[in-house]
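The next block holds one structure in the form of structure tokens; read it before the comments.
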């Protein structure tokens, strides 16, 4: 079973920073590319910097429970700052700048932070738009302090480096607010409690026992926050974390080799670039023992090819979860790439594995509205598709200052609650969960609902396609299933080429049981994707595009 949330005296996750520094002060803690190559901090140095920032921010008036929006590039300073805020009992608010100006400003208004920490351009924007930053009382700059700031992080780093003991926090105390990317609906602030971080640490330790003592290639910065708790050193690769699909694959592979990275957690968009580059250059990722590919459905072919590149005896995993609840389930990539691959290609969906010990997963009948209280009558019949609901110590309770979103996603069950993930799934006879797509992306046809992921997996295999998406054209209840294919330039070059390729795809679909519902094929030059992982297709935008093409 997963560990229960820790006691009041030990629930502050920042305590691991000092603990690791005492255990092995000279071991690597974090590294990132600086102005003159890679800069690195030992465990002692990370602890000292986090303590300096905590002490300096406290002197400026920041205290327990105060929310602080953090807009600092992931790296050494970012890591020390977030842990410094944890030490202080303050609440870091992490908003993905990739969601755009309107999304960022909306998130700031909603959480009403007391402090704003970031580059000078952010503080200039605050001076020009006070209504969006009305709650901000403390402005801290990265770089030189300017006329719009109350201080600079660099000045705080010159202060007292003695250990600033992490303030005791109760398990239910808010630790952080992490915003979703908004890729599957409006961006929401997910409220993390200190006890939930503790539970996640326990689940990750149990699921990945080989992580401890290793070096992690921190492709997803939030995972790096678990570094001290998991006894991991974090190396931030040279990439734009808001655009992972633009990473330089050769540089990523060389960084793994140079640092002897033993693990990595990142979007499939990264590995869809790194794996082919390695194959084309005869390179192997021989130090990698644990590769976690997550953030969007991962095709079995990518898992198979990645497995062949990492260390002998190493494993590729595709952990399943969401910002509100991670991790939930996983499956060993060696099975995903072999016996489970054929089932995925036959249309069963994408296997995300068995629930982790201590996490409960149930399927309920598909409903779009809020559900106030849990009842066993809600459950989908055995073998049927349903909405995935989860319960466990690592599942967040609420969204920040967003009661409608909380009501739509949570189901009360006595003293506990179930979180509605918003995904659809089905359990097989062996207790494995198969992902079928987002609930909002299901097609409602005249013959009943269709779930896109299984059909897409099957037609990709049958017609040897790359990225594709099944969308419904027309009104709900009478949607026509249209397959949209991301096409190369040769296909888009002429109408005749498009028609020939579409006819071939439809012929293959008619021969494959899972794909016979497809009624037409369209070609799109470049799919709209989510900001954070750049692997989830914006199906709503694609549906509108398809309707404009056909209707």
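Tabulated data for the structure shown
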| item | result |
| --- | --- |
| Crossing angle, helix 249-259 versus the chain [Cα axis fit, 0-90 degrees, rounded to tens] | 40 |
| Long-range tail of P(r) for the range 341-437 (Cα pairs > 17 Å, %) | 51 |
| Gyration tensor (Cα) of the range 455-537, equivalent ellipsoid semi-axes in angstrom | 19, 18, 13 |
| Extension gain from residue 526 to residue 277, taking 0.36 nm per residue of separation minus the Cα-Cα distance | 87.5 nm |
| Distance between modelled label sites at residue 373 and residue 403, nm, 7 Å Cα→Cβ extension | 2.0 |
| Relative exposure of 549, 479, judged by other C-beta atoms within 10 Å (fewest first) | 549, 479 |
| Distant alpha-carbon pairs in the range 45-126 (separation over 23 angstrom), percent | 19 |
| Where labels lie 7 Å past Cα in the beta-carbon direction, separation of residue 23 and residue 332 in nm | 2.6 |
| Mean separation of Cα contacts under 8 Å, 6 or more apart, over the residue count of the range 341-437: relative contact order % | 34 |
| Span from the the range 266-322 Cα centroid across to the the range 513-549 one, whole angstrom | 25 |
| Where only C-alpha atoms are counted, convex hull volume of the range 219-368 per residue in Å³ | 141 |
| In degrees, nearest ten, helix 495-511 long axis to first principal axis of the chain (Cα) | 80 |
| Relative contact order, percent, the chain [alpha-carbon distance under 8 Å, six or more residues apart] | 12 |
| Scaled radius of gyration (Cα, divided by 2.2 N^0.38 Å) that the chain gives | 0.98 |
| Between the range 226-254 and the range 378-419, the alpha-carbon center distance in angstrom | 32 |
| Label-to-label distance, nm, for residues given as residue 544 and residue 127 (7 Å Cα→Cβ offset) | 3.7 |
| Additional length obtainable on full extension of the chain from residue 210 to residue 365, 0.36 nm per residue less Cα span | 52.0 nm |
| For 109, 44, 507, order by how many other beta-carbon atoms lie within 10 Å, fewest first | 507, 109, 44 |
| The range 420-493, Rg to Rh (Cα coordinates; Rh as Kirkwood inverse mean 1/r) | 1.04 |
| Pairwise FRET efficiency - residue 155 versus residue 384, Cβ, R0 = 51 Å, nearest 0.05 | 0.25 |
| Nearest 10 degrees, 0 to 90: helix 101-111 Cα axis against the chain principal axis | 60 |
| Once the Cα gyration tensor of the range 152-298 is diagonalised, semi-axes √(5λ) in Å | 29, 20, 17 |
| Value of D in µm² per second that Stokes-Einstein yields for the range 1-153, Kirkwood Rh from Cα pairs, at 4 °C (1.567 mPa s) | 78 |
| Cα-based convex hull, the range 216-306, per residue volume (Å³, whole number) | 90 |
| The range 388-433: Rg to Rh, with Rh as the Kirkwood radius over Cα pairs | 1.04 |
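Every number here is computed from the coordinates shown, using simple stated rules; none is lab data. As the structure is a prediction and not an experimental result, all values here were calculated from the model. Note that each Cβ is placed from the backbone with ideal geometry, even for glycine, and that neighbours are counted across all protein chains shown.
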